[in-house]
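The values are calculated or read from the model by the stated rules, or taken from the named source; none is laboratory data. Because the structure is predicted, anything quoted here is derived from the model rather than measured. Virtual Cβ from ideal backbone geometry, glycine too; neighbours counted across all protein chains shown.
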């Protein structure tokens, strides 16, 4: 029965880590890939996906979805450690392990303590020689799996020697401890983080892509199933606007839920059309982050794709003009940086395989509303 309470909380989440398994939908094949590799004792697994695709939520869900009878998972986010000393990272990783074990095994606070920062600074090997053996004794036959978020951030700003220390030390730990495994998330293709390939070789590598249609439909309808009724065409329109991107799906549904309060808790196709501008405003943080991550050539090509696609839509053309050809109409000569930018946009899933369409229509709307191709061209 539909609950018409005006004050019902909005069940959709924008930009938050989804750690509740009841609010997480899809990714079954990804979790199966992870479990299959872990059970085959593959010790390093890498996951890759673009911004806001749900990488952190997937890491948070692994303990709920994968082989907990054989594996014990500890989640550790490297985002805040770009400028930290190597020993500081290891100390906080040890502290995170302790916190997990104390909570899950109902241990006393002093039962397991990490080495101090000073001790690690003096001798980093005590993490390997003294601390981890105590952890494995507690885990008995279970394997320890590090779930490392933002794994590639340490390649951005740290001195190369620090990078090599951390990655090489971690690889050595995994090699020497048969009970130690790692699942790491990177925000770039492996070709763009060569140090990871050099240190860890070529581990199994899985892209975190968009949700398929069925999973996206579940994400749209299930969180509010006792409150909101979605007309089928509305669900289709939401999916078409978001292309199954979970962040933009959540944004659209969050905005529609607010509108449904004024509309007897029913959502129709026309409602989706009417909230696009509001949804874009609510997605501004994610969209701005995406834009700021792009170099100038990629911004120019991205805008060219959006404008050429919009022109094709207005002129009822099936295939938009290629962005590099479209840019020639603005007096921009095709160059290798622009060619490479086009390829990178395709590789990262921002444009489709033809390089002629923005993959997420909501993003195309935002590009056209908030950015000028002519102004970006001047920055080349």
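Checking each residue in the stretch 56-69 for being outside any helix (DSSP H, G or I) and farther than 24 Å from residue 201 by Cβ picks out 68, 69. If the condition is being in contact (Cβ under 8 Å) with a residue 12 or more places away in the chain and either part of a helix (DSSP H, G or I) or on the phi > 0 side of the Ramachandran plot (or both), then the stretch 313-328 contributes 323, 324, 326, 327. Exactly one condition in (1) over 30 Å from residue 30 (Cα atoms); (2) touching a strand residue (DSSP E or B) at 6+ places or on another chain (Cβ under 6 Å) is not met by residue 262; state its number. Unmet for residue 262, out of (1) over 30 Å from residue 30 (Cα atoms); (2) touching a strand residue (DSSP E or B) at 6+ places or on another chain (Cβ under 6 Å): (2).
Tallying residues that are over 20 Å from residue 357 (Cα atoms) and touching a residue at least 24 places away in the same chain (Cβ under 8 Å) within the stretch 287-312 yields 1.
Kindly state which helices (runs of 4 or more DSSP H) lie completely within the stretch 70-177 and contain at least 2 residues that are modelled with pLDDT under 95 and in contact with a helix residue (DSSP H, G or I) (Cβ under 7 Å, 6 or more places away or on another chain).
Details: elements: 86-104, 117-122, 132-139, 160-176.
Counting at least 2 such residues, we get 86-104, 117-122, 160-176.
Scanning the stretch 245-271 for residues that are over 23 Å from residue 54 (Cα atoms) and buried (at least 24 other Cβ atoms within 10 Å of the Cβ) gives a single hit, 267. The residue list 132, 154, 180 contains one member that is in the same structural domain as residue 67 (by TED's automatic domain parsing), crowded, with 18+ Cβ neighbours inside 10 Å, within 22 Å of residue 39 (Cα to Cα) and under 25 Å from the mean Cα position of the chain (by Cα), which is 180. Per the conditions (1) within 18 Å of residue 211 (Cβ to Cβ); (2) touching a helix residue (DSSP H, G or I) at 6+ places or on another chain (Cβ under 7 Å); (3) part of a helix (DSSP H, G or I), the sole criterion not satisfied by residue 244 is (3). With respect to the stated conditions, residue 283 fails to be closer than 28 Å to residue 11 by Cα, at pLDDT below 95 and either crowded, with 20+ Cβ neighbours inside 10 Å or in the same structural domain as residue 359 (by TED's automatic domain parsing) (or both).
Which residues, counting only those in the stretch 70-104, are loosely packed, with under 13 Cβ neighbours inside 10 Å and without any contact (Cβ under 8 Å) to a residue 60 or more places away in the chain?
Selection gives 80, 103, 104.
For the stretch 29-55, residues that are assigned to a helix (DSSP H, G or I) and either more than 16 Å from residue 67 (Cβ to Cβ) or touching a residue at least 12 places away in the same chain (Cβ under 8 Å) (or both) total 9.
Evaluation of residue 55 against the conditions (1) out of contact with any strand residue (DSSP E or B) (no Cβ under 7 Å at 6 or more places or on another chain); (2) surrounded by 20 or more Cβ atoms within 10 Å (Cβ to Cβ) shows that the sole unmet condition is (1). Within the option set 225, 237, 213, being on the phi < 0 side of the Ramachandran plot, at pLDDT below 95 and outside the structural domain of residue 38 (by TED's automatic domain parsing) holds for one residue only, 225.
Annotation: residue 294 fulfils all but one of (1) assigned to a helix (DSSP H, G or I); (2) touching a helix residue (DSSP H, G or I) at 6+ places or on another chain (Cβ under 8 Å); the unmet one is (1).
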